[in-house]
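Here is the structure we will look at, set down as structure tokens.
Every number here is computed from the coordinates shown, using simple stated rules; none is lab data. Remember, it's a predicted structure, so these values are computed and weren't measured experimentally. In this analysis, Cβ positions are derived from the backbone assuming ideal geometry, glycine residues included, and neighbour counts consider all displayed protein chains.
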Amino acid sequence: MDPLSMLLWAAVWAGVAAGIYVTVYFVDLTLEIIASWFRRFAHLIVQNDRRAIGDRDYLAFTVKQAINTGNYKIAQGIFNTRTEEIYDARAIEAGSLDSKIQSEHRFKEVVIW
């Protein structure tokens with residue numbers, strides 16, 4: 001796992017464990033649900049869109065974790081690369097993930113969108 005992914009993974013799951021982030025539940029989590037939450041932060045993300053990931057001020061991300069119940073826990077958030085802090089995030093528990101989300105997370109826990 002690359003250093004940025006490790007930082008995101010540790011920061012977000014520490015926040016989830018501490019109860020800092022609200023957990024929402026979905027039976028089927030789709031890419032549209034993920035995208036609609038990211039749209040709330042379009043003003044931060046759009047200004048970065050054409051820059052290389054390493055040069056962006058804000059990164060939209062998801063972190064996937066399978067849990068013992070067979071469900072998935074997804075942390076979704078916006079990471080401020082300048083302060084190296086989570087700008088905003090939420091925890092999602094879902095019974096299933098659509099094929100687009102599964103494909104993006106197939107070989108990695110952290111995905112930068």
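Roughly speaking, what is the stretch gain from Asp98 to Thr69, that is 0.36 nm per residue apart minus the C-alpha to C-alpha distance, in nm to one decimal?
Full-extension gain reported as 8.6 nm.
Tell me, what is the FRET efficiency for Glu84 and Val27 to the nearest 0.05, using R0 = 35 angstrom and their Cβ-Cβ distance as r?
0.50
I'd like the Karplus ³J(HN,Hα) series for region 26-41: coefficients 6.51, -1.76, 1.60, θ = phi - 60°, whole numbers in Hz, and an x wherever there's a Gly or Pro.
Once rounded to whole Hz, the list reads 9, 5, 10, 8, 10, 4, 4, 5, 4, 5, 5, 5, 4, 4, 4, 10.
Which order, highest average first, do 92-105, 26-39 follow once you tally other Cβ atoms within 10 Å for each residue and take the mean per peptide?
Top to bottom by mean Cβ count within 10 Å: 92-105, 26-39.
Would region 73-113 count as rounded, prolate or oblate if I go by the C-alpha gyration tensor, calling it rounded below 1.5 in a/c and otherwise prolate when a/b exceeds b/c, oblate otherwise?
Note, shape of region 73-113 comes out oblate.
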